[in-house]
1. Considering only residues of region 152-163 that are loosely packed, with under 15 Cβ neighbours inside 10 Å and not charged (D, E, K, R), which is modelled with the lowest pLDDT?
2. Would a scan of region 28-49 turn up a residue that is farther than 18 Å from Tyr70 by Cα and charged (D, E, K, R)?
3. Can you pull out the residues in region 135-168 that are away from the ligand (no atom under 16 Å from the Cβ) and touching a Gly at 6+ places or on another chain (Cβ under 7 Å)?
4. Is at least one residue of region 61-74 open to solvent by less than 40 Å² (accessible area, probe 1.4 Å) and either over 27 Å from Glu27 (Cα atoms) or within 16 Å of the ligand (Cβ to nearest atom) (or both)?
Amino acid sequence: MIIAPNTVVSISYVLREAHATGTVIQEVNQQEPFSFLFGQGQLLPDFEANIQGKKEGDQVAFSIDHSNAYGEYDEEQVISLPKSSFVIDGEVAEDFLRIGAVIPLQTQDGHQLTGVVSEIGEEDVKVDLNHPLAGKDLHFSVEVLSVRTATPEEIAHGHVHGPGGHAH
Ligand code: ZN
């Protein structure tokens, strides 16, 4: 079976920055493969385009320019929060007040987002709202581990059931 819309695809992959010998950003191995419902817009369009038509055992390597991945890095997406906002019930939230800490935030209209602490100053804390991969060109080395037809239930739910997926 080849990868096509409404198939369930399991892959292992290595994501590197920019090119085939770039810094490894993420590695998903065969023991804990990534499974997804193909053609539902869950992955980058270029990612799906590069693996469409492949079958079990195929290996494919390709690059995706940042403009087709997570966009430009935007300096204006780095916000300053007063250090006092890291005080919860009178105590400094040490877990959040460190470089690299992931901070759940809510916009005024109630939208949920996450930021990463990038700088801790005397009065203020800088929180980076950019996607961690913003501004980065990506290189993927993918191995297709399995391809199967999605069940009607999976298509209705828009996600994979069973190993690597949802319980229901
Ligand atoms: Zn479901």
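The values are calculated or read from the model by the stated rules, or taken from the named source; none is laboratory data. Bear in mind the structure is a predicted one, so any value in this text is a computation, not a measurement. Here the Cβ is made from the backbone with ideal geometry for all residues, glycine too, and neighbour counts use every protein chain on show. In case anyone asks, the SASA skips ligands and DNA or RNA and just uses the protein heavy atoms, side chains included. Shrake-Rupley method; radii C 1.70, N 1.55, O 1.52, S 1.80 Å.
1. Residues of region 152-163 that are loosely packed, with under 15 Cβ neighbours inside 10 Å, as a first pass: 152-153, 156, 158, 162-163.
Still in the list and also not charged (D, E, K, R): 152, 156, 158, 162-163.
Details: Pro152: 95, Ala156: 94, Gly158: 92, Gly162: 86, Pro163: 77.
Filtering first and then ranking leaves Pro163.
2. Within region 28-49, one or more residues are farther than 18 Å from Tyr70 by Cα and charged (D, E, K, R).
3. Within region 135-168, His139, Val144 meet the criteria.
4. Going residue by residue through region 61-74, those that are open to solvent by less than 40 Å² (accessible area, probe 1.4 Å) are 62, 64, 66, 69, 71.
Next cut, either over 27 Å from Glu27 (Cα atoms) or within 16 Å of the ligand (Cβ to nearest atom) (or both) only: none.
So far as region 61-74 goes, no, none of its residues is open to solvent by less than 40 Å² (accessible area, probe 1.4 Å) and either over 27 Å from Glu27 (Cα atoms) or within 16 Å of the ligand (Cβ to nearest atom) (or both).
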